[in-house]
1. Using the structure shown, list the pairs from K318/K663; K589/K663; K296/K663; K275/K344; K418/K441; K338/K409 with a Cα-Cα distance above 20 Å, or answer none.
2. If the viscosity is 1.567 mPa s and the temperature 4 °C, what translational diffusion coefficient in µm²/s does Stokes-Einstein give for region 380-450 when Rh comes from Kirkwood over Cα pairs?
3. Quick check: net charge around G639, other residues with Cβ under 14 Å of its Cβ, Lys/Arg +1 and Asp/Glu -1?
4. Where in region 483-568 are there trypsin sites (Lys or Arg not before Pro) that are in a DSSP coil and have at most 13 other Cβ atoms within 10 angstrom of their Cβ?
5. Note the full-extension length gain between A497 and E332 as 0.36 nm times their separation in residues minus their Cα-Cα distance, in nm to one decimal.
6. How much length would be gained if the chain were fully extended between Q512 and N591, taking 0.36 nm per residue of separation minus their Cα-Cα distance, in nm to one decimal?
7. State, to one decimal in nm², a quarter of the convex hull surface area for the C-alpha atoms of region 176-275, i.e. the direction-averaged projected area.
8. Quick check: convex hull of the Cα atoms in region 149-193, volume per residue, rounded to a whole Å³?
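The values are calculated or read from the model by the stated rules, or taken from the named source; none is laboratory data. As the structure is a prediction and not an experimental result, all values here were calculated from the model. Note that we place each Cβ from the backbone using ideal geometry, even for glycine, and neighbour counts take in every protein chain shown. Remember, those area values only see protein heavy atoms, side chains included, never the ligands or the DNA or RNA. Shrake-Rupley method; radii C 1.70, N 1.55, O 1.52, S 1.80 Å.
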Amino acid sequence: MKKFFIYTLSIFLLSCSNAGGSNQNNSPVTVGTLPNGSVVYVSQGTFSAANGSSTSGSIYINGGTPGYTFEISTAVSPSGPEITTTPTSCLLTSGGDGVSSCQINFNPNNSPQASYNVTLFYQQQSLLSLRANEVKGTGTQLPGILQFLVTSTPSPVAGNLAISLAKSNILIGESTDATITLSGSSDITTPVNIAITSENPSVAEIKDSTCNLTTANNLCTIKVVGISVGNTNIKALANGYTSVQNPIKVNNDTGNFIWMSGSKLPNSNGNYGVKGIESIDNLPPPRNRANSWVDKDGNFWLFGGEVTVDNQYNDLWKYDKDSHLWAWMSGESILNQKGIYGTKGVAASGNQPGSRIAAVTWSDESGNLWLFGGDGYSENEPYNGYLNDLWKYNINTNQWTWVAGAKIKDQAGVPGLKGAVSANNYPSARRMAVSIQTESKVWMFGGTGRPGDANNSGQLNDLWNYNINTGEWVWIAGTVSRNTPGVYGTKRSSNPANQPGARNGAVAWYEQNGNIWLFGGQGLGENNDNGFLNDLWQYNLENNQWTWVSGESTTSYNAPPTGNYGSKGISSTSNQPGARYVAVSWVDKNNNLLMLGGYGMAIESGARSGGFLNDIWQFDLNSYEWVWMDGDDVTNQPGVYGVKGKASSSNIIGARSGSVIFKGAGGGDSWIFGGNGYAESTTPGVLNDLWQIVTPE
């Protein structure tokens, strides 16, 4: 038996590997004796390897009472090198006729050049067979010590660059610290040159734009200074490192709201002056849910609206943006005027639309102003109702033309076939539909009124377009029945079956990528409950499909969705505006969707709180996240007017709904007039103040 062991051991030692360095003391060494009398050997007592390479040997046992299994584990001191076995669980079994072995592996693992002590431990397993769930942790230490020599210094480890900003929102002229760190590096002794830049230096400027970092000196701080309103990224870059960045926003230190005209008290008096003549004394009376345009010269036009429920105007006003003066242009100063239609298609000085609210408006390339439907007075009926008449106003001649539709209220219209052009197609009567003008078409969605199938009045979800060049209407999507629930599908996935539920008082946008967006209103989600909504939809004009993008798919009268505001100016996936209707909306120069106010839900002390809103929200089309930009996260807040015509960071528009918005061309500043809500006092009422909104960026 002894001769057999020597022969086997000789073969075994010849097969031991040395993968990365020259081993010393190449004779087998005894590490210790196990409880059953088996002797534990290692192929050598000293191992060596340089950083970037490795070495290995063998552990084996011999002799002793047969049938015992032991798990062998390792530890190294001081820590640093990596010591492993192959297989990972080194299981040695005693037997009388051979050697049981496993491989031990040594890797410097970027440890400093030094000598390291390696100890072995054993854990006895079952006598005859090993079951996986019986393997234990480190057991009893064997007395022998192995030596592992690391013969070279480690290669430098670059680690990672990181950049953090003390403040992600600053004012113009304000500065904040940007801290750049080199994390996870080792043995970097030659300084790494870090370049710090601002992606848009006209928005934020970097002071002391370089720093040099090593493993020992791994942090530097530089100043970022706000230059102008906008967004930029602060970047850090070094040779051999991945560029890192953090966004920063620079705000207007003079605020976003400028009071330009009108009274800072609710329910004030207007002054008509002389028809067609501008005057510093002229001012439209307060009104809610009026109708508006911006002409090709950038002037504002205002028509109709209501002072109280069912008490409506039909006066037409012009506001000159250069002179900042109002002029009463057409219509009457007396409420509840019936329409004077004249002959269809023929302009006349005596023609005028009846008093009305919440119509759909657009303008054409010639500068004419167009008006469709709303709630108001037709030709001869004593009471107001839903309208579907179409009117054109020629700015140059100061004349109205009745173009199409009925001159009686509550008409069902002619939907025709979905998607089919026909001269006979015509929408049903409605108010508070939402509309968007694209290059050559006007798109109209929903509202409250008479459905196309001639049933009783209700809320609508039909989508129409009007070709400005041909004067033809086409029913595109949705139903012609009333009170249709939404079909939401999967969030952010388009589907031909998707459609928003019937609603009125929503807001809409048309953005540069050619999509129409729709938010909120009062109506139906995917259930049959009626309430305020906060769902955001995208309509793709190429494939004619709706996509539910954000917000809740359900609502109810008692518990509509509330807002989640987060931090002002900071986007987040969890942010969302509360449900609301009759807000105002516009698109800024960066193609972001913006919305202000309305009547609906905020967050107030963690409880649901319905009321008038003055919050500004922005939806970023790059991140698909909402940002609370300005205003309050509670309802029914009065305004702070300051000095007329002067910007101030303390100015803020009062909470309101049913205002009109005059949208700036090319994403420029928008202007907001009137509505129902809060002026400077704590008592709500009907308003006639005009505000310039310096679009938050």
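1. Values: K318/K663 15 Å; K589/K663 12 Å; K296/K663 12 Å; K275/K344 25 Å; K418/K441 17 Å; K338/K409 11 Å.
Those over the limit are K275/K344.
2. My calculation gives 94 µm²/s for D.
3. Net local charge, G639 excluded: -2.
4. Here the sparse-neighbourhood loop sites are K491, R492.
5. 54.7 nm
6. Values: separation 79, 0.36 × 79 = 28.44 nm, distance 0.64 nm.
Length difference between fully extended and current span is 27.8 nm.
7. Computing the convex hull of the Cα atoms and averaging its projections yields 10.9 nm².
8. Looking at region 149-193, the number lands at 84 Å³ per residue.
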